[in-house]
Amino acid sequence: MTSAQSFDRPARLRLGVNIDHVATIRNARGGDHPDPVRAAEIVAAVGGDGITAHLREDRRHIRDADVARIQAATNLPLNFEMAATEEMLDFALRHKPHAACIVPEKREERTTEGGLDAAGLHNQLAPIVARLSDAGIRVSLFIEPDARQIEAAMRLNAPVVEFHTGRYAQLDGEARAVELRRLEDAAALAWKNGIEPHAGHGLTYDNVVPIAAIPQLAELNIGHYLIGEAIFTGLDVAVQKMRALMDEARGWS
Ligand code: PXP
């Protein structure tokens, strides 16, 4: 998006679907059903814009072999979520996903809790961001909607940041409105400084619209809720419904 572009009618917001939890269900029985590749194919067939997958250190959902299979199965860009470790860097450099989103990772957590401390971890992150970028992989940093973290992303030359919407999703009432304003300000600040802002975590049919209406955001990454809904309605219907809500929020419907 160029600075000359107005937000009278913002660009269509991309939907990246995180398919980790298809693998979580598969792994519960140790076989190969349900296959996250089939989920990726459905997302592609119904107009999803990208696939997101997080290869965790403990391989609790997506596994090494899934990544290449997902890449081979669809033409959708893969957003590879990874911890800032040598192991994950090597993996990303071998598989060359379209994008790599660097996330904080703790073994004991159930899901990614809080954003990456891009400011405090500058020295650890700088060579990783540089090597991914040199390999043509678009680096994104999963951060809190916070000016200090955006400035750190600028110093790291990250082209993309993804704002953690987990706190927004958990709050309600005035506290949620305050967090929404923080996300709006952060998206505007990132965009003004030439960083493409994305957002994700904890988004649902009920809370996605105010986030999708933030005009600077280019992409949302949504997983757990969509895979949960897919149990009841099918993944195709769930993705289409989320897409419709996002489009409506942007005046694209
Ligand atoms: N974006 C990032 C960076 C994440 O780590 C996750 C969760 O893996 C998501 C988006 C999707 O979050 P949720 O599964 O809550 O929709």
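Within region 89-124, which residues are open to solvent by 30 Å² or more (accessible area, probe 1.4 Å) and polar (S, T, N, Q)?
Selection gives T111, N123, Q124.
Considering only region 177-203, how many residues are without any contact (Cβ under 8 Å) to a residue 12 or more places away in the chain and closer than 18 Å to F142 by Cβ?
Qualifying residue count for the region: 0.
Would you say A244 is within 28 Å of R38 (Cα to Cα), out of contact with any helix residue (DSSP H, G or I) (no Cβ under 9 Å at 6 or more places or on another chain), open to solvent by less than 50 Å² (accessible area, probe 1.4 Å) and free of Cβ contacts under 8 Å to residues at least 40 places away in the same chain? Step through it out loud before you land on a result.
On the way: within 28 Å of R38 (Cα to Cα): yes; out of contact with any helix residue (DSSP H, G or I) (no Cβ under 9 Å at 6 or more places or on another chain): yes; open to solvent by less than 50 Å² (accessible area, probe 1.4 Å): yes; free of Cβ contacts under 8 Å to residues at least 40 places away in the same chain: yes.
Considered against the rule, which asks whether it is within 28 Å of R38 (Cα to Cα), out of contact with any helix residue (DSSP H, G or I) (no Cβ under 9 Å at 6 or more places or on another chain), open to solvent by less than 50 Å² (accessible area, probe 1.4 Å) and free of Cβ contacts under 8 Å to residues at least 40 places away in the same chain, A244 comes out as yes.
Within region 154-201, how many residues are more than 15 Å from the ligand (Cβ to nearest atom), in contact with a Ser or Thr (Cβ under 9 Å, 6 or more places away or on another chain) and closer than 22 Å to R12 by Cβ?
Of the residues in region 154-201, 4 are more than 15 Å from the ligand (Cβ to nearest atom), in contact with a Ser or Thr (Cβ under 9 Å, 6 or more places away or on another chain) and closer than 22 Å to R12 by Cβ.
Looking at G251, G202, G228, which is the one that is over 24 Å from H61 (Cβ atoms) and either part of a helix (DSSP H, G or I) or open to solvent by 10 Å² or more (accessible area, probe 1.4 Å) (or both)? Break it down stepwise before answering.
Values: G202 fails: over 24 Å from H61 (Cβ atoms); G228 fails: over 24 Å from H61 (Cβ atoms).
After applying the criteria, what remains is G251.
I'd like the residue in region 125-152 that is under 16 Å from the mean Cα position of the chain (by Cα) and within 28 Å of E179 (Cα to Cα) and, out of all such residues, is surrounded by the fewest Cβ atoms within 10 Å (Cβ to Cβ). Break it down into steps so the answer makes sense when it comes.
Within region 125-152, the first condition is being under 16 Å from the mean Cα position of the chain (by Cα), and the residues that meet it are 137-145.
Then keep just the ones that are within 28 Å of E179 (Cα to Cα); that gives 138-145.
On the way: R138: 17, V139: 24, S140: 28, L141: 27, F142: 25, I143: 27, E144: 20, P145: 26.
Filtering first and then ranking leaves R138.
Tell me whether region 155-164 contains one or more residues that are over 30 Å from Y205 (Cα atoms), open to solvent by less than 30 Å² (accessible area, probe 1.4 Å) and not small (G, A, S).
Scanning region 155-164, I find at least one residue that is over 30 Å from Y205 (Cα atoms), open to solvent by less than 30 Å² (accessible area, probe 1.4 Å) and not small (G, A, S), so the answer is yes.
Being over 17 Å from G47 (Cα atoms) and within 9 Å of the ligand (Cβ to nearest atom) is the filter here, so list the residues in region 211-244 that pass it.
H224, Y225
Considering region 49-66 alone, what residues qualify as being part of a loop (DSSP other than H, G, I, E, B), buried (at least 19 other Cβ atoms within 10 Å of the Cβ) and out of contact with any Lys or Arg (no Cβ under 8 Å at 6 or more places or on another chain)?
Answer for region 49-66, where residues must be part of a loop (DSSP other than H, G, I, E, B), buried (at least 19 other Cβ atoms within 10 Å of the Cβ) and out of contact with any Lys or Arg (no Cβ under 8 Å at 6 or more places or on another chain): R56, H61.
Sort through A28, A23, A11 and tell me the only one that's open to solvent by less than 70 Å² (accessible area, probe 1.4 Å) and assigned to a helix (DSSP H, G or I). Full working, then the answer.
Values: A28 fails: open to solvent by less than 70 Å² (accessible area, probe 1.4 Å); A11 fails: assigned to a helix (DSSP H, G or I).
Being open to solvent by less than 70 Å² (accessible area, probe 1.4 Å) and assigned to a helix (DSSP H, G or I) holds for just one of A28, A23, A11, which is A23.
So A152 fits all but one of (1) over 18 Å from F80 (Cα atoms); (2) at pLDDT below 95; what number is the exception?
Condition not satisfied by A152: (2).
Considering (1) of a type in the set (V, I, T); (2) within 11 Å of the ligand (Cβ to nearest atom); (3) farther than 25 Å from A186 by Cβ, say which one T111 fails and leave the rest.
(3)
The values are calculated or read from the model by the stated rules, or taken from the named source; none is laboratory data. The structure displayed is predicted, hence computed values, not measured ones. Cβ coordinates were reconstructed from backbone atoms using ideal geometry, including for glycine residues, and neighbour counts include every protein chain displayed. Note: areas computed on protein heavy atoms with side chains; ligands, DNA, RNA excluded. Shrake-Rupley method; radii C 1.70, N 1.55, O 1.52, S 1.80 Å.
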